[in-house]
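Undergrad: Provided herewith is a single structure, encoded as structure tokens, for subsequent inquiry.
What follows is calculated from the coordinates using simple rules that are stated; it is not laboratory data. Just so it is clear, the structure is predicted and the values come from calculations on it, not from any experiment. Reconstructed Cβ throughout: ideal geometry from the backbone, glycine too, with neighbour counts over all protein chains shown.
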Amino acid sequence: MTSVVATHNTIDGDGGRGFGGARDGPTALRETTDDGHIRNRGAQGHASLRVLLEAECGRPFLLDRPIKVGGEDLDGMVRESDVPILVDFYADWCGPCKIMAPVLDALASDRVGEILVAKIDTDANPRVSGSLGIRGIPTLILFRGGSEVARKTGAVPRNVLEEMLGE
């Protein structure tokens, strides 16, 4: 039996729900195979919602809320994901980004198993923002099958996000 374990960053006082409910995310995912070999899968390994992840502390790694990821994880997530990934490019100081946070929380919760909602802090990851041509925030990009399929900039209502997912 193969098991996958997520180790995550220090949990803050609000139960690990950082900005807008985003999970601080795993620092690493390790896969132990039947023969005892351990493979590091990196944070991109959590993109497959078919694998039930459990943190070393025994708590499940929840995919029912946006997951905060680093820019270095995005390529792997997009390439390896079995499900569409909606990425919110945001900044902590951004008012419209804060408005979008509860909308994305609800979307992730309502569509668990169907999509993965991720968040990337543009201030902490300027290279990724530049390479994807992010000119304003929030920018929401939908990736499906390893490619960008839709993009919206600015705060948008839930129905616009649902339309993006339907494309």
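Undergrad: Using 0.36 nm per residue, how much length does the chain from Asp110 to Arg151 gain when fully extended, once their Cα-Cα distance is taken away?
TA: My answer for the length gained is 12.7 nm.
Undergrad: If I stretch the segment between Ser131 and Arg158 completely, what's the gain in nm (0.36 nm per residue apart, minus their alpha carbon distance), one decimal?
TA: Contour length minus the Cα-Cα distance gives 7.0 nm.
Undergrad: What do you get for Rg/Rh of the stretch 105-160 when both radii come from the Cα atoms and Rh is the Kirkwood radius?
TA: Ratio of gyration radius to Kirkwood radius: 0.96.
Undergrad: A further question follows. Tell me the label-point distance for the pair Asp75, Trp93, using the 7 Å Cα-to-Cβ offset, in nm and rounded to one decimal.
TA: 2.9 nm
Undergrad: Using modelled backbone amide H atoms (1.01 Å from N, in-plane), which distant-in-sequence or interchain residues come within less than 5 Å of Ile67's amide H?
TA: Arg23, Val117, Ala118, Lys119
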